[in-house]
Each structure stands twice: as C-alpha cells, then as structure tokens.
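Visitor: Just passing along the structure, written as structure tokens.
The values are calculated or read from the model by the stated rules, or taken from the named source; none is laboratory data. Source: prediction; values computed, not measured. Heads up, the Cβs are rebuilt from the backbone with ideal geometry, glycines too, and the neighbour counts pull from every protein chain shown. Surface accessibility is based on the protein's heavy atoms, side chains included, excluding ligands, DNA and RNA. Shrake-Rupley method; radii C 1.70, N 1.55, O 1.52, S 1.80 Å.
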There are 6 protein chains.
Amino acid sequence: MTTRADGRADDELRPISFTRGFTSHPAGSVLVEFGQTRVMCTASVTEGVPPWRRGSGLGWLTAEYSMLPAATHERSRRESVKGKIGGRTHEISRLIGRSLRACIDLGALGENTIALDCDVLQADGGTRTAAITGAYVALADAVTWMGAAGKLNDPQPLSCMIAAVSVGVVDGRVRLDLPYEEDSRAEVDMNVVATDAGTLVEVQGTGEGATFPRATLDKLLDIAEVGTAKLFEAQRAVLADPYPGVLPTAN
Amino acid sequence: MTTRADGRADDELRPISFTRGFTSHPAGSVLVEFGQTRVMCTASVTEGVPPWRRGSGLGWLTAEYSMLPAATHERSRRESVKGKIGGRTHEISRLIGRSLRACIDLGALGENTIALDCDVLQADGGTRTAAITGAYVALADAVTWMGAAGKLNDPQPLSCMIAAVSVGVVDGRVRLDLPYEEDSRAEVDMNVVATDAGTLVEVQGTGEGATFPRATLDKLLDIAEVGTAKLFEAQRAVLADPYPGVLPTAN
Amino acid sequence: MTTRADGRADDELRPISFTRGFTSHPAGSVLVEFGQTRVMCTASVTEGVPPWRRGSGLGWLTAEYSMLPAATHERSRRESVKGKIGGRTHEISRLIGRSLRACIDLGALGENTIALDCDVLQADGGTRTAAITGAYVALADAVTWMGAAGKLNDPQPLSCMIAAVSVGVVDGRVRLDLPYEEDSRAEVDMNVVATDAGTLVEVQGTGEGATFPRATLDKLLDIAEVGTAKLFEAQRAVLADPYPGVLPTAN
Amino acid sequence: MTTRADGRADDELRPISFTRGFTSHPAGSVLVEFGQTRVMCTASVTEGVPPWRRGSGLGWLTAEYSMLPAATHERSRRESVKGKIGGRTHEISRLIGRSLRACIDLGALGENTIALDCDVLQADGGTRTAAITGAYVALADAVTWMGAAGKLNDPQPLSCMIAAVSVGVVDGRVRLDLPYEEDSRAEVDMNVVATDAGTLVEVQGTGEGATFPRATLDKLLDIAEVGTAKLFEAQRAVLADPYPGVLPTAN
Amino acid sequence: MTTRADGRADDELRPISFTRGFTSHPAGSVLVEFGQTRVMCTASVTEGVPPWRRGSGLGWLTAEYSMLPAATHERSRRESVKGKIGGRTHEISRLIGRSLRACIDLGALGENTIALDCDVLQADGGTRTAAITGAYVALADAVTWMGAAGKLNDPQPLSCMIAAVSVGVVDGRVRLDLPYEEDSRAEVDMNVVATDAGTLVEVQGTGEGATFPRATLDKLLDIAEVGTAKLFEAQRAVLADPYPGVLPTAN
Amino acid sequence: MTTRADGRADDELRPISFTRGFTSHPAGSVLVEFGQTRVMCTASVTEGVPPWRRGSGLGWLTAEYSMLPAATHERSRRESVKGKIGGRTHEISRLIGRSLRACIDLGALGENTIALDCDVLQADGGTRTAAITGAYVALADAVTWMGAAGKLNDPQPLSCMIAAVSVGVVDGRVRLDLPYEEDSRAEVDMNVVATDAGTLVEVQGTGEGATFPRATLDKLLDIAEVGTAKLFEAQRAVLADPYPGVLPTAN
C-alpha cells in the first residue's frame, strides 16, 4: 500500500497549532501552523471604512496575504521591491477576504474596518488554507476586543466558524492537506472553505495539467469535510482560553 | 412559477454566437457573444517562450483579460492609466490561461508562444466564461494557422474542447448563464470550466454573503453540464467552417 | 503612372463607415472604419468634473486612446501590464481631447464630464485620425442623450463638426489617408484636424528622416481639405438617422 | 497701435543667448536662454544602442525633456516622485528627439548613442522650442567631441542646422516667440522646427479653444521663418568659437 | 532620581534573545528580540551576483528591511500595495547592507550572493539596530552553511562581529537602547554600528527638533560602547551552539 | 608631504560661492558651488500643509534632492523615467529636510509649506552637503519673502544658521570637503550638519569597506568644525546683501 512521505493516512491532517497573542499590537494575532507551514495572521481594527462605503453605517473586513521572501525553498523577490503585487498574491488576498466576510455581520461593526494580514513566515503547501483558518481565530479575538472597547452594535457578530483545507489527487490517490512535496506534483488541486454549520463558502478545484471527472470532485469534497471538522475542533479548543492580552475598556 | 427577466428557462443559455475572423492580424480572432456580453478573443502566435522556459523545447500559452472602460454600465477607469492591474483582472487572466492550457500539448508547439487576449467590449455578466469559450475557438484557429505555417511538431495538439459557463442561485433558484442583473444579486455564484470529454478543468464556487450546502453545489454542477454541452455543440458548429482567412504556407 | 497598392487615386479616401450604437451602455458608441483600420469610439457621461475644475459650473471633456494588443501586425505588449502609458498613447489621447474640445461649449454641460474612449480593434494606419472622426459621431450622440436627460444648459452645445485625416508624401507623391503600408515608408507625415466651417483645429506635420519645403506643406493641406470634406459628408449622412437606442427622459 | 508687454515688435525674438560648456562632464552642455526661459541642454555620448538596434552598425539619438519643480510660477510636482512621466513631458521629449534626428546621419556614429537632456531651469513660454534650439548647439559640440575621440565613421555627420520657435495669435495679432503671459492666452499656438536649408522638420499648430483659417497658418509660418533665420545666425555665431573644454584624443 | 518606565538603568539593554533556526529554508534564520522588538532575520544564499558585478569573481551581500503592517501600534499600509518602497525603508535597507559588508570578505564567496531579509514582526523602537545585530547571527550561520556546501574560497570570510544599538537623550538623560515610548520623544537619537574589534562601522546621530553639543555626542558614544559590548557577548554565546539544522555536504 | 590633487591643505574647503536670485519664480533661489559641485537650491512657498498636519496651525518644510542625468561623469538614468526614486535620493532628501527643520520654528509659518528643491547640475563630491548649505540661504530668502507677504506669525522664525560639510579619511589622512576623486576612494566618509551656535544637527559617518577607531571620529569632527565655521562666514557675507528680487507686499 502506498503511504505518504510523512507517514500520514490519506485523510489525515498535518499537526495543527494556533498561538494566540503571537504579537501584541493588533487586536488579534495568531501564529497558525499546518505542519511546516507557518503563517502569522493578525486582525487590526481601524476607525473608518473605504470611501465607497462611507455613510452606510456598515463596517468592512479586508485581507492581505503575503509571502516573506525567505519563506519558500528558493528565496522569492519582494513584491514591494518589484513595485507590484503579483497575480497569485492578489487572488489569495481576495479569497481570504471573501471567506471571512461570510461569517461576520458587517452591520454590527459600525463604520470600522477589520484588516486581516496573513504573512507567510514559512511555506510548505497549503498556505492559503492555513491563512484562512488562522485568520478566523485572529478575527474572533478582534471581535472580543471590539466588544470590550464598546465598538459593536451587536455583541456577537460572528454567525459561524470558518476553516479551510487543501485536498488533491496525488499518485492517483485522493489526499488531505497537501505539503509542498505533494502539492507540486498533484494532478488535481482543490481548496475548500467551509463553515462549522456544514455549509460551503468557497470551492476552487483545478486540474493541473489534467482534467478530472465529477466523481473525483465528490471524493475530494468528502475528504475535505473530514479535514475541516478536525480544524473546527482545534479552533474551538484554542478559543476556549481567555483573550490573550489586556482588553480595552469602553468609555 | 417564477420566470427570468429575459424569459429564459432556468437551465437555458442566452443566445450564443461566435464570429470567426473578427479581425485579421492575429492567427485566431473571434467575437464571442453570450447575450449582451461581447468579448473579442484573439490568439497571437509569437516566436520564443518566456525566459524560465527557454531551451526546454516546449511552447507556452498565456492569457490576458481586460475590460474596456465603457464596457460596464458605469464607465470604469482604465488599468493602464491607473498604472496597475487590479486583482479581479489578474485572477481572470490566470483562470483563462490555466483553462486553455488543459487542452493543448505544449510540446507540440516548439518554442513558440500563443498569447490569448480577451478584451470585453460589452459586459452583461459571465464575461470570464464567455472569454474562455471564445478563446477556445480562437485557439483552434491559431493551431490551424500554425499547422499551415509548419510550426507544429504534432499535427493535432488539441486533446479536447474547452467551454465554460456561469451558474448560480438567484431568488432561491439554480440558474444557468447569469446576466448582470441576476449575477449582481446571486446568493451563490459558480464558474465551471469543462471539457467535451465530460471532465472538469476548474470549478470555482462562492457564496456571496451567504454559504451553501453541498446539495446546492451538486445542482449547480448538474445545470452547468447542460450548459457546457450546448456550448460544445455551438463551438463544433462554427468550427466546421474553414479557416476564416488566408493561411500561411510553410517553407 | 504610379498607382497606389489598393488602387486608390492619390486624393481618395479609403471606404469610410460608421456604426452607431455599436455597444449599448455608453451614451455614444460608434465603430468607425477607415478601410481596415477599425476603432471603437465611446462617449460616456459621468457626473462631476476633475478637482481643478470643481465649482466652476463648467463641464469637461477628456479622451483616452488605446491599442488592443492584437490590433497591430505583431502583437504589442499591453500598457496596463507594463504599468505605464507609452509616449505615443499619451500624445494621441491628448490630441483627441484637444480636437474635440474645439467644437463644444463646455459651459453648456454643467459640471458633467464626457469621457471619450478610442480603442483600436484593428490598426492599418491613420488610427488617430479615424479615432477623432469617429469620436465626433459618438460625441454628437452623447450630446443628444444629455439633452434628453435634461443635463444641458444649452440645447445645442456643438458649434461645428470635427474630422481628421492623415496625409503624407509617399514615393514622392502627396497622398491622402495613408494605410500602414504607405505610412511606414512615408517621407513626410501630417495629421490635419479640421472643422466643417473650413477652419483648422490642429496641424501636425513631421518629416520622417527627411525635411520638407513649405510648398509640400501647402499641397498636403490642399489634399487634406479634400479628405475632410468627404468625412463631413459621411458624418452628416450617418447622423441623419435617429439616436440608436433608448433615450433617457429628464425628471 | 497694440504693443507687446515687453515692448517687442510682433516679429521680434526675445534676447537669445547660448552658454557653451555650461557644465563640464557631458560632451556637449549648453545653457540656452530665450528671454526669461532658461534650459540646460546636454548631449552625453554613451557606448551601445537600444536593444532593438543592436547589430545594425547604426547609432541612435534620444532626448528627454523635464521641468524642474520650481521652474514654473507655481511649483509643480516632481515626476520622479509621482512615479510617472506626464503626457506633456512625453510629447515634448519625443518632439526633441525627432527634430534633432532630422539633421544627423546616425550611420556615422557607429553603435553609440547620443542622449540629449533638456532640463528647464526657468520657464517663461517656449521651453520646447528653446530646448530644440539649444540642443542643436549641444549636439554640435558632442559631434566635435566624438570626432576628436575617433568615434565617427564620417567626419561631419550633421547635414544641416536645426532651430525652433513658437508663434501664435494673441490679441488678434500674429506674434513671434511667445512668453508665458502671451502663450497662456493665445488663440492659436504653433511650434515650428526648421532647418537652415529652408525646409521644415515639424509643424504643430493648435487652436486653443478656437479654430483658425488657413490664412492664419500661412502668416504664422511666415513669421516663424523670420524667427528661425535669426536663431540660425545666433547658433552660427556661438559655434564659431572653439570647443569649450578639453577634447579627448583618439587612440 | 529619574528612572525609566521599564525600570532599566540608563546604560542597560532590554532583554536580548536570539532564536537560531527560526525557519528552516534559508541558510541562516534568526529571530532577534530586543525587549518587545522582534525581527526575523534570514540569510539566503543564491548563485550569481548582480549584473554590474558579473565576471569579477567576487560575491555580493545585500539586505532588505521591511515592517509587517501590524508590527506597529497603528497598522501601517503595506509597501507592496502602495507600489513603492518608502524613504525610511530604503534608508534602513541600505544601512543594514553596508554594515554587514564591513565584516565579510566578499572575495571568499565566489560569485554568490547572500541576501539578508529583516522583517519586523513587532516594533518597539530600535528595529534597525536589532535587525543588524540579528542579521550578523544569520550571516554567521549562512557562512557555516556555505562552508559545508563547499562554496567558500576561504574557510573563514568573517573578519569580525557586527552589532548595533540605539542611544539617545530622553528627559535630558543619555540612555541606551530606546523603546518606542522613549524614542518617540527623544531630543537626540543615534544609531551606532560597531565591531567587536572596538572600531566603528557607522554612526548616525540626529537632533530631532533640537541640536546637540559635541559633549553629548561623546556621552552617546560611550554608552553605545557599553551596549555593543553586551551584544557581542550575547552573539558569541548563542553562536557557541552548533548550526541549528542539517548542513549540506559538498560534492 | 602628501598634498591633495587640487593643491588644498587637508583642512581647506574648495572655493565656495552662492548666487542668490539664480532664478526668479521661487521665493528663494540659490546656485551653490563647492568647487565643481553645483546645486540649484530653491525654496518655494505654497499654501497649505500635508493632510496629516492640517488643522494644527503649524507649517511644514520638506525637501527633495535630485541629480540631473548629465550631472555625473557617466550619464545616469532619470528617476522619473525609471518610475521610482532610488534609495540614495530618498535618503538625501530626508536628510536635507530634517537638517533644515532644525533651524526653523514651523509654528511661525502658519499653515504654509516651504518646499526645498535641490537639483544637482554638476556633481563632484559633496552634493548633499552643498545642497544643505545652499538650501539654508534659499530658505533665509524665502523667510524674508514670507515676512514681506505678511505670512509669518513671528518676524524671525530662524533660530540659527545651518551648514554641512563632508570629511573623510583619504590616503590615511583626515581631510575636509572631498571632491569625487577623493570621495570615491575614501576609507571613512562622514557628513556633518552643524549650526552656527556650535551644536550638531546630524552626524553620519561610515566606514567604506573599512571600520574606524573612535579617535578618527574625533579628528573628523574637529576638521568638520573648521569647515562649517568658514561656511557660516560665507553664508553671512552673501546674506548681508538685500533680497535679490522684488518683495511682495502684504495686504
């Protein structure tokens, strides 16, 4: 029987960990680890909303993803030095923002913005799904912070939890949470963003140099469900602890 | 019974048309229309490949998508004037490239590049799916042109046909090929890229301000299949005509 | 006697055509064709004026010219991808704006802006003169639209018609409306923008790798006059038809 | 009788001066003054030509125009800080390059490039015509320098002299060499680039918020001829002096 | 007697720590902490040198500094999104590069480049001095890695150690290693880069809204010496441990 | 005894000159020369302050440094054409702004901005120190201009004079005011900005490919003091003359 290089079963996640309060300035700051993939996810609260939303009384949530130059096997050029954001970065930033907006009532925030920053310190496959999963935890902390600061119209603006996982077909087998070594040679690659209510937020499946039958899509979704269930458990466990810092007091 | 504003059944495409030889300089040039959505798709053949591929003996296929400023209801600012490509443009350009690379044997092209340009002249929803579907026809013409010019290592480098369609949930109903009026208020929005061999190339489903159960995903895929089947028919019909221009002669 | 490759007399225009209502979102939308040169000219009306003009009570008219990548014989790189507008594009955009501002009373528009977009779908010489000539027709439609919408202080803000034509010295002969094949080897190249009142708006003559005596300038202007007279006729003929779409109603 | 604010006759130039050897690093360096307009024109010789010209055996001449921020009445923003070249700057840079290429045999330069830099230290109208006129003198010095350095295939690559002047209609009168005060309210504005052989290189006439009859164009050209004749005299006088610096010796 | 908010003596450093092997892809990877200031410093080895250095047989060392958006008290905008590097970032990147080049024999590297990336995860004053001090440790590890990989011409290319510390005048007192709270209200601010051989590499002192007598400069240098002595001790201690990862083997 | 190539003693400045009223539009305009180094320094007064300072009642002073392309021995590329400001330019612009803000009471300016532009016409070492020294003279003139225009809250907002000089170790000797020939091979290079009250504003010392003992730093500061004393004399002498132009009258 074919086994994975790291000894995992096909439907097994890598070791998952969340470090809340990883840094202390932002309202939420989480280091998320999916095996060797490590992403620093912060949620910063700022007053005001983008110009097109002013006067609406509604808040906003935005996200930016970035890879540190030395996060990858070969050092990659810094996008600030190139002077422009690449397509992949743009795409993932948009995905993270959309995914997290699915769980929050923006009306409850008043005209405030939550900025999620997901900076990859070390990449080993699945950086975008780790980023979404970690960003949810940072967001939960930021919401607690806003509540304490008296900035919420509604005490609980989060309607569900959000987690994401990558799945794919590697060596002809449907597998969960691909590390770089598997991801780089996967025939099909899919990212699934889900809620703990059992619904889907986003499904992106791509045949890399190959196409795939719908039956494969079904198997990929089955295994993704196994993964996100475990991720919700892990998020719940870590969020059971109190807010990792000093909460503000409303005036 | 709820009917659509334009009188279509839920699983009905808008009128589809392809105008081959729409312009005469590029090897393939097609105006594709999905109802009021009109995209000019061209396939230009140029010698050489990007630096990272040089010396491999393999060709390359790349794609760029762009919206003319007056294509939308409200004029949008030109990205060349802004000095940068927006996230949405980047994302769609990458999607078109990936989708069309799924049907072509790049080894057969030698070290030549096919550049697909998809410029939206008028937008009414589904511009990216129209672009992919039209780009396939332009690509087929470009391949014919390359064959005539003696630039192919293999006479038939296309392994299948590619078409794409948007599907979504609007007013609680699963619908095919959404115009702007439906797209802008869809609860779920999905783009499906498929092959005429019955396999999938890319599936991107998003809950817009809502999440969706897997049963909905299944219905969306069912109806997408109805749509792509019709699109393959239309592509086949239009490609039955000879190359719309003067073919080069190999020397 | 030397004849032109396309059989025309030296002072003969290529076949000219205007398709009004080419697309339906902008207030004016015209496809203009000078032989194989095809330019989509749109006139979009937006509320407000640039910052430096606010509070003046006057409107503004601006223009942007662009070449689609596959419009030329060899595909050219997209300026949005390069991240900057080239000198030629800048120069022609400014020329179109200046030329069309010569025929309109900006005070009659109130604080509204008309944006002219001239996108070259296919280039075969004379793209800037086709753009100006087509933009006039789009502008006339936009003015009709604004009148219907109750946005004009003065029912007829256009004081004259505007058309433009290229002239040059090719093979030692003074010729009208140069296609690419002639333009690329012209010794002298001149663009003339004129009004139907017999006056000039802009004259730009350049010796390309050669200089020219004033007598040549005179002959070039003579032949340009022949060309613009024909263009005014064609514009008048096509504008005799009613507005190609549904006019708004003022409230 | 209407007289000009500065007391000049309608067909009179402002005081013209050229300071050769204004700076010492470039092969040619000239401060040109047309009244209060002062432009530093340098001609730098560098080995090599742009990529598209390599291997041709031919040289190249290019030009860049720029306005120092404090050159204008109101300080203008620096284009390097904005991160892009404006349309006007682009247009004038291209005009200077084209104009000076008209007098030089690029084949005689070998694969070397002459870069003309025209930086406006103080602007009072006519900066582009002063720049062209001064650049010719800098170019003549650079050619002398190249000859001494043994870099010329032909000892005299300059076939004629080049000068430029602005003319316009102000207060209904045709006038030569407009200062800012006249230029800013001119009804018609024209720049004429000519050779001392009596031919024209470039003619650019624009009605600013007005159009003009051909008779006016003729009068403008007449008066421009008066101006350029004086400029050629002044150039000849200043170039009668020896090269203002130490010439290299060929090895 | 005035004491500091964090209880330190005026000439006392904050707690200093280095975590070697913080990430595993780059040859050197160190998390350096000066109190609450935390910087991830990596040293990546890449083949080749910048174009201007090719063929010299010499290596190169370059550095890039960046602040993560949520590192500061108020979130700052990402430079990659702005599309340009700010002046402060530029300045610090150049300082780090210059400082570390002072201790290395670039000839020993062959035509290889060491890229130092200093990304501030959390900022609390002294980010540039922490970056230099941490970058030295990362550089030492990268040199060990290169030696193992057989990429060095000389087994020990480092001629000395490098450390840096900030000093300043706060509340009229000369103090060492300023946190943000002191730095933001310092009257004089100085950064000193030194070697363990007792020499200086770089001294940058600035009066912030004030000027300072030379006697103050002397006191600042005295106290900086106390600080760098402690930093060299800490670097030596942490580098006494073996390379924190698997070394390559030369072939 | 080793002498300098230009015959100067080690502690001797090059010939220094200031030309006030070098151009006439800005409130202050000075050509400063340190030997062959020539910098045009202008001080432009504009209404308003940057957004972050609005409503404070305080003014602002900013500076921009730039090198003309032909100022250097080899022509350098224009930063406006590259589309971005280089690190060195950024660094020097910031230094000039900081240095001159040290001598002015910004509260006295009301909400007005003084923009200092330092454009290097010819570079021969020490451009930044010449720029600071010349900018002080331009600033003094701009302050006089503002007083006459009734724009000052306090008749004398300048609290001291500012001058700067470069010093370095060349051929093992400590030398003042290095020309390019010395600067390019200096072992240590330092720029000192001082006030005529005997205090320091900024000290930046760098070992170029070498490090230096503190004793050298002391000698460099000694000799810099000799230089700035002479510069203050020269500034005082030139500012003894009346304002070089027509002063405005307050209304």
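Visitor: What residue, of B:ARG77, B:ARG8, is of a type in the set (Lys, Arg) and more than 10 Å from every other protein chain (Cβ to nearest Cβ)?
Guide: Numbers: B:ARG77 fails: more than 10 Å from every other protein chain (Cβ to nearest Cβ).
Going through B:ARG77, B:ARG8 in turn, the sole match is B:ARG8.
Visitor: Just to be sure I understand, how many residues within the range F:158-214 are part of a loop (DSSP other than H, G, I, E, B) and within 10 Å of chain E (Cβ to nearest Cβ)?
Guide: Residues flagged as part of a loop (DSSP other than H, G, I, E, B) and within 10 Å of chain E (Cβ to nearest Cβ) within the range F:158-214 amount to 10.
Visitor: Let me ask something additional. Considering only residues that are among the basic types (Lys, Arg) and touching a helix residue (DSSP H, G or I) at 6+ places or on another chain (Cβ under 8 Å), which ones fall in the range F:134-188?
Guide: We begin by selecting, within the range F:134-188, every residue among the basic types (Lys, Arg); these are F:151, F:173, F:175, F:185.
Scanning the range F:134-188 gives F:LYS151, F:ARG175.
Yes or no, residue by residue, for (1) surrounded by fewer than 24 Cβ atoms within 10 Å (Cβ to Cβ); (2) more than 18 Å from B:HIS90 (Cβ to Cβ); (3) away from chain B (no Cβ under 14 Å); (4) of a type outside the set (Phe, Trp, Tyr):
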| position | (1), (2), (3), (4) |
| --- | --- |
| A:THR89 | yes, no, no, yes |
| A:ILE92 | no, no, no, yes |
| A:ARG98 | yes, no, no, yes |
| A:ASN112 | yes, yes, yes, yes |
| A:ASP119 | no, yes, yes, yes |
| A:ALA130 | no, yes, yes, yes |
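Visitor: When you scan the range B:215-233, how many residues do you find that are among the aliphatic types (A, V, I, L, M) and either part of a loop (DSSP other than H, G, I, E, B) or open to solvent by less than 30 Å² (accessible area, probe 1.4 Å) (or both)?
Guide: Number of matching residues: 6.
Visitor: If you don't mind, there's one more thing I want to ask. Which numbered condition in (1) open to solvent by 30 Å² or more (accessible area, probe 1.4 Å); (2) at the interface with another protein chain (Cβ under 7 Å from one of its Cβ atoms); (3) farther than 20 Å from A:THR129 by Cα is the only one that A:THR72 fails?
Guide: (3) is the only condition that A:THR72 fails.
Visitor: Return the residues of the range E:78-107 that are within 30 Å of A:ALA138 (Cα to Cα) and in contact with a Pro (Cβ under 7 Å, 6 or more places away or on another chain); say none if nothing qualifies.
Guide: E:ARG78
Visitor: Please go through the range C:106-136 and give me each residue that is assigned to a loop (DSSP other than H, G, I, E, B) and either under 22 Å from C:ASN191 (Cα atoms) or in contact with an Asp or Glu (Cβ under 6 Å, 6 or more places away or on another chain) (or both), ordered by number.
Guide: C:ALA123, C:ASP124, C:GLY125, C:GLY126
Visitor: Here's a follow-up. Can you tell me how many residues within the range F:132-154 are closer than 18 Å to F:VAL45 by Cα, open to solvent by less than 10 Å² (accessible area, probe 1.4 Å) and of a type outside the set (A, V, I, L, M, F, W, C)?
Guide: 2
Visitor: Can you name the number of the only condition in (1) among the hydrophobic types (A, V, I, L, M, F, W, C); (2) open to solvent by 40 Å² or more (accessible area, probe 1.4 Å); (3) at pLDDT 95 or above that A:VAL49 fails?
Guide: If we test A:VAL49 against (1) among the hydrophobic types (A, V, I, L, M, F, W, C); (2) open to solvent by 40 Å² or more (accessible area, probe 1.4 Å); (3) at pLDDT 95 or above, just (2) comes out false.
Visitor: Hey, another quick one. In this structure, does A:THR19 turn out to be outside any loop (DSSP other than H, G, I, E, B), surrounded by fewer than 20 Cβ atoms within 10 Å (Cβ to Cβ) and not aliphatic (A, V, I, L, M)?
Guide: yes
Visitor: Something else about it: When C:ALA70 is evaluated against the numbered criteria (1) part of a strand (DSSP E or B); (2) closer than 14 Å to C:ALA123 by Cα, which criterion, by number, is the only one it fails?
Guide: So the condition that C:ALA70 fails would be (1).
Visitor: OK, next. Can you find a residue that is over 14 Å from the mean Cα position of the chain (by Cα), at pLDDT below 95 and not polar (S, T, N, Q) anywhere in the range F:216-223?
Guide: There is no residue in the range F:216-223 that is over 14 Å from the mean Cα position of the chain (by Cα), at pLDDT below 95 and not polar (S, T, N, Q).
Visitor: Provide a single number: the residues in the range E:15-28 that are under 13 Å from A:HIS73 (Cβ atoms) and either more than 11 Å from every other protein chain (Cβ to nearest Cβ) or not aliphatic (A, V, I, L, M) (or both).
Guide: Number satisfying all stated conditions: 4.
Visitor: Let me ask something else. For the range B:155-167, name all the residues that are in contact with a Gly (Cβ under 7 Å, 6 or more places away or on another chain) and either surrounded by fewer than 17 Cβ atoms within 10 Å (Cβ to Cβ) or without any contact (Cβ under 8 Å) to a residue 60 or more places away in the chain (or both).
Guide: Those that are in contact with a Gly (Cβ under 7 Å, 6 or more places away or on another chain) and either surrounded by fewer than 17 Cβ atoms within 10 Å (Cβ to Cβ) or without any contact (Cβ under 8 Å) to a residue 60 or more places away in the chain (or both): B:PRO155, B:SER166.
Visitor: Go through F:VAL203, F:VAL226 for me and flag whichever is within 29 Å of E:GLY168 (Cα to Cα), at pLDDT 95 or above and within 15 Å of the chain's Cα centre (by Cα).
Guide: Going through F:VAL203, F:VAL226 in turn, the sole match is F:VAL203.
Visitor: Could I ask something else about it? I need every pair where a residue in the range C:69-80 that is at negative phi has its Cβ under 8 Å from the Cβ of a residue that is open to solvent by 20 Å² or more (accessible area, probe 1.4 Å) and hydrophobic (A, V, I, L, M, F, W, C), sequence separation at least 6 or different chains.
Guide: C:SER76/C:MET67; C:GLU79/C:ILE85; C:SER80/B:ILE85
Visitor: Where residues in the range C:30-56 are in a strand (DSSP E or B), at the interface with chain B (Cβ under 9 Å from one of its Cβ atoms) and more than 19 Å from C:ARG236 (Cβ to Cβ), which of them is farthest from the chain's Cα centre (by Cα)? Quick ask: steps written out before the conclusion?
Guide: At the first step, the residues of the range C:30-56 found to be in a strand (DSSP E or B) are C:30-34, C:37-47.
Adding the requirement that they be at the interface with chain B (Cβ under 9 Å from one of its Cβ atoms) leaves C:38, C:40, C:42-46.
After this cut, where a residue has to be more than 19 Å from C:ARG236 (Cβ to Cβ) as well, the list is C:38, C:40, C:42, C:44-46.
Working: C:ARG38: 12, C:MET40: 10, C:THR42: 11, C:SER44: 15, C:VAL45: 18, C:THR46: 20 Å.
Among those that are in a strand (DSSP E or B), at the interface with chain B (Cβ under 9 Å from one of its Cβ atoms) and more than 19 Å from C:ARG236 (Cβ to Cβ), it is C:THR46.
Visitor: As an exercise: evaluate E:ALA240 against (1) of a type in the set (A, V, I, L, M, F, W, C); (2) modelled with pLDDT of 95 or more; (3) open to solvent by less than 30 Å² (accessible area, probe 1.4 Å) and give the number of the one condition it does not meet.
Guide: Condition not satisfied by E:ALA240: (3).
Visitor: Checking the condition in contact (Cβ under 8 Å) with a residue 40 or more places away in the chain, of a type in the set (S, T, N, Q), farther than 25 Å from F:GLY35 by Cα and out of contact with any Lys or Arg (no Cβ under 9 Å at 6 or more places or on another chain), which residue from F:THR195, F:THR144, F:THR129 passes? Show your work before the answer.
Guide: Working: F:THR195 fails: farther than 25 Å from F:GLY35 by Cα; F:THR129 fails: farther than 25 Å from F:GLY35 by Cα.
Exactly one of F:THR195, F:THR144, F:THR129 is in contact (Cβ under 8 Å) with a residue 40 or more places away in the chain, of a type in the set (S, T, N, Q), farther than 25 Å from F:GLY35 by Cα and out of contact with any Lys or Arg (no Cβ under 9 Å at 6 or more places or on another chain), namely F:THR144.
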